[in-house]
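Participant: The following block contains the structure, expressed as structure tokens.
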Amino acid sequence: MCGVENKRIWRHGIAIVVLLIAVISRNPVEGWAVLMETNDYPEGYDDLPVDFVDIERMQTMLQSHGWSTHHILVRKDGITPETIKEGVEFLKGNADRNDIVVFYIASHGGYLRHDLKWNNTFPPLWEEIETPKRLLIVDSCFAASFLPESDRSLISIASVSEKESGWAGVPEEGLHIEGFVFTYYFCESMTGQVSVEEGFSTCVPQVQKYMKEVVYPEFKDVYPAEHYYNIYDPHPVMVDQYPGAFHLEVKQKAPLSVFLVFMGMLLALRRKR
């Protein structure tokens, strides 16, 4: 009887393992992202001719965490309120509750506020996305003023506070970093399997050091700090409502771990026969 029972356990165990792997594999954790950046602005704004380097950095960072290029919607220049809506609809239409979504935008703060009407357009659309695993990154002047309020789990990151100016280096300046400084250091800090919270904590002092020790000596007379809203001492903001650590890794390791655990249990049963 004991041998028959063990065989039954073995057969049922294998069936459970196969079923679990099938269920998990059918709905893996996927990443979906929207990356938007403007280099060529309409009259009234300074252009930022950096060849969309900020989007490139974000793409590279996400891909290092296993994200598919086919899951990343990129929009360069010509950003309008309709473009914002299109981006959120892309996330809403593809991501389920098991997935991770990222929305990134790099822009002049004035363009976000006045031309894109961000604070009216974006927040209600953002709330419609099913997954609680949502990351918003705004790199602009007054960036924290564009973070939506929400009672759902998410992380929102602003490159500067709501009263501070941001900084994007352009080629003619000849400084080390071209593009937005916060994006540069945030993407650098997200190498390896670090959480978003860890990446943010690492990059903030680097951003502050660069602005104070590199940008300030070069531009203190051109852009006086008292006129440019604390530009040389930025304070990035993170609003973290996600329980636990927020990771961007999307490679599936669960099926293998489940398989190994069950196989170990079943092999132990066989040895007792």
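Participant: Hey, among THR69, THR80, which residue is open to solvent by 40 Å² or more (accessible area, probe 1.4 Å), more than 27 Å from GLU198 (Cα to Cα) and over 14 Å from the mean Cα position of the chain (by Cα)?
Facilitator: After applying the criteria, what remains is THR80.
Participant: Still on this structure, I have one more. Consider only pairs whose beta carbons are under 9 Å apart and that are at least six residues apart or on different chains; among these, list those whose first residue lies in the range 56-79 and is within 18 Å of LEU91 (Cβ to Cβ) and whose second residue is of a type in the set (Asp, Glu) and part of a helix (DSSP H, G or I).
Facilitator: MET61/GLU188; LEU73/GLU86; ARG75/GLU86; ILE79/ASP115
Participant: Please specify each residue of the range 208-232 satisfying the condition of being among the aliphatic types (A, V, I, L, M) and surrounded by 15 or more Cβ atoms within 10 Å (Cβ to Cβ).
Facilitator: MET211, VAL214, VAL215, ILE231
Participant: Also, quick follow-up: May I ask you to list the residues in the range 38-66 that are in a helix (DSSP H, G or I) and crowded, with 18+ Cβ neighbours inside 10 Å?
Facilitator: VAL53, ASP54, ILE55, ARG57, MET58, GLN59, MET61, LEU62
Participant: So how many residues does the range 191-207 have that are farther than 18 Å from LEU154 by Cα and open to solvent by less than 40 Å² (accessible area, probe 1.4 Å)?
Facilitator: Adding up the residues that qualify gives 3.
Participant: Now, a different point. Mind listing just one residue for me: the one in the range 83-107 that is in a loop (DSSP other than H, G, I, E, B) and in contact (Cβ under 8 Å) with a residue 40 or more places away in the chain and, of those, surrounded by the most Cβ atoms within 10 Å (Cβ to Cβ)?
Facilitator: The extreme case among them is SER107.
Participant: Quick one: how many residues across the range 133-147 are part of a loop (DSSP other than H, G, I, E, B) and either touching a Cys at 6+ places or on another chain (Cβ under 9 Å) or open to solvent by 20 Å² or more (accessible area, probe 1.4 Å) (or both)?
Facilitator: Matching residues across the range 133-147 total 4.
Participant: Looking only at the range 117-136, count how many residues are within 20 Å of TYR229 (Cβ to Cβ) and out of contact with any helix residue (DSSP H, G or I) (no Cβ under 6 Å at 6 or more places or on another chain).
Facilitator: 1
Participant: Among the residues of the range 114-131 satisfying the criterion of being without any contact (Cβ under 8 Å) to a residue 40 or more places away in the chain and surrounded by fewer than 18 Cβ atoms within 10 Å (Cβ to Cβ), which is nearest to GLN63 (Cα to Cα)?
Facilitator: Result: GLU130.
Participant: Evaluate the following for THR60: is it within 21 Å of ILE157 (Cα to Cα) and over 16 Å from the mean Cα position of the chain (by Cα)?
Facilitator: no
Participant: Next up: Which count do you get for residues in the range 148-161 that are modelled with pLDDT of 95 or more and either open to solvent by 20 Å² or more (accessible area, probe 1.4 Å) or in a helix (DSSP H, G or I) (or both)?
Facilitator: Here the count works out to 1.
The values are calculated or read from the model by the stated rules, or taken from the named source; none is laboratory data. The structure displayed is predicted, hence computed values, not measured ones. Positions of Cβ are generated from backbone atoms using ideal geometry, with glycine treated the same way; all protein chains shown enter the neighbour counts. Only protein heavy atoms, including side chains, enter the accessible area calculation; ligands, DNA and RNA are left aside. Shrake-Rupley method; radii C 1.70, N 1.55, O 1.52, S 1.80 Å.
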